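Structure, as structure tokens:
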Amino acid sequence: MPAVDIPGSKSITARALFLAAAADGVSTLVRPLRSDDTEGFAEGLVRLGYRVGRTPDTWQVDGRPQGPALAEADVYCRDGATTARFLPTLAAAGHGTYRFDASPQMRRRPLGPLTRALRDLGVDLRHEEAEGHHPLTVRAAGVEGGEVVLDAGQSSQYLTALLLLGPLTRDGLRIRVTDLVSVPYVEITLAMMRAFGVEVVRDGEVFEVPPGGYRATTYAIEPDASTAGYFFAAAAVTPGREVTVPGLGSAALQGDLRFVEVLRRMGAEVDVAADRTTVRGTGVLRGLTVNMRDISDTMPTLAAIAPFASGPVRIEDVANTRVKECDRLEACAENLRRLGVDVATGPDWIEIRPGTPLPDVGIKSYGDHRIVMSFAVTGLRTPGLSYDDPGCVRKTFPDFHEAFAALSATS
């Protein structure tokens, strides 16, 4: 039974870096993810004047509840959405002038709902080119707090950024949300804030965040559930293959572990223990209709194995996947069509019909790590697949291709 060592969660590492930077004291992050996104986040903190000490297995962050140590900084957020959304919010709580820019891919991704909310809270924030997009400049003078209304229908990261900011405001925050996708990611944020000493009160669509700041702590990062999904899917499409991921079990914070329940519905055997999850392929893979609004990062993984199901696979309520690193819904549809698979799409859904994918096809990555990693699973049963940008996996899992090849070798 191969146990796969999955790197730490990107989502948890990014939140932990924010919390550690904002906390009073020195925090230690155990087994953080080391990837392009998280290194970019840590580098951004350093550019703002925070001290981040890094060893292979731990990062130590000297917290500054009063905000960045420098009065001026220029921060490049690379491709990282959490970096691009969380760091300007963190900087707003300080005092100084901070400019943020990002890669062309990240410049295309929306920021508008978050920056509108920050302006409503009195933050002096200017978009330098396209409104609602990077680059932007924050002229920070601390944040008073109060009540704000937020549309989180495109990304739960907007809500997470404001929740994380709340304890750094003078009066606390009352956030009223008008729409919300990816709820499990917000649950991660609330649980992690609790670990750093802050209890948020939720009443329906209203979140009450108290002032008073964070306490430094030692925080262990659990393996990335979205990344584990590729390995679980690999087991599901291969009769007799079994994959176990230690460190991800019933106590996991990440909602994306629910992907294994989708695999179970399709016919895989799934065992979720307290501290590990195992998936075994049974030779049965049924079609289904599934709402993936709350686990939309795993949508491409399901799309990539859908042709091998015995009936159609319809994935619904995933409009927000159109504003990720690429339009993931269309990227999946385009690559499946290249493979000769019958696909239909709508504004927020994709339906994939059974078929045998064609061999020797070039997969178009759109520079998106999740597209490459998902179609690597298709490649287990489809010879000769190639990728125009295999290296884009460094965003979350630099050693993905080696780890996946090692899994294949054990079958």
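The values are calculated or read from the model by the stated rules, or taken from the named source; none is laboratory data. What you see is a predicted model; the values in this text were computed from it and never measured. Note that we place each Cβ from the backbone using ideal geometry, even for glycine, and neighbour counts take in every protein chain shown. These accessible areas exclude ligands, DNA and RNA; they are computed on the full protein's heavy atoms, side chains included. Shrake-Rupley method; radii C 1.70, N 1.55, O 1.52, S 1.80 Å.
Residues in region 75-132 that are more than 21 Å from residue 153 (Cα to Cα) and among the hydroxyl-bearing types (Ser, Thr, Tyr) were compared, and the one that is farthest from the chain's Cα centre (by Cα) is 97. Is it the case, given these coordinates, that residue 270 is free of Cβ contacts under 8 Å to residues at least 40 places away in the same chain, touching a helix residue (DSSP H, G or I) at 6+ places or on another chain (Cβ under 6 Å) and open to solvent by 10 Å² or more (accessible area, probe 1.4 Å)? So residue 270 passes the test. Kindly indicate the residue of region 155-173 that is in a loop (DSSP other than H, G, I, E, B) and open to solvent by 20 Å² or more (accessible area, probe 1.4 Å) and also farthest from residue 208 (Cα to Cα) among those meeting that condition. Among them, the one singled out is 170.
Could you look through region 274-301, keep only residues that are more than 17 Å from the chain's Cα centre (by Cα) and small (Gly, Ala, Ser), and pick out the one that is most open to solvent (accessible area, probe 1.4 Å)? That would be 274.
Of the candidates 355, 367, 391, the single residue that is open to solvent by 20 Å² or more (accessible area, probe 1.4 Å), part of a loop (DSSP other than H, G, I, E, B) and under 19 Å from residue 10 (Cα atoms) is 367.
In the set 152, 140, 117, only one residue is touching a residue at least 40 places away in the same chain (Cβ under 8 Å) and open to solvent by less than 10 Å² (accessible area, probe 1.4 Å); that residue is 117. Looking at 304, 251, just one residue is aliphatic (A, V, I, L, M), assigned to a helix (DSSP H, G or I) and more than 18 Å from the chain's Cα centre (by Cα), and that residue is 304.
Being closer than 28 Å to residue 32 by Cβ and at pLDDT 95 or above holds for only one residue in 318, 361, 341, 393, and it is 393.
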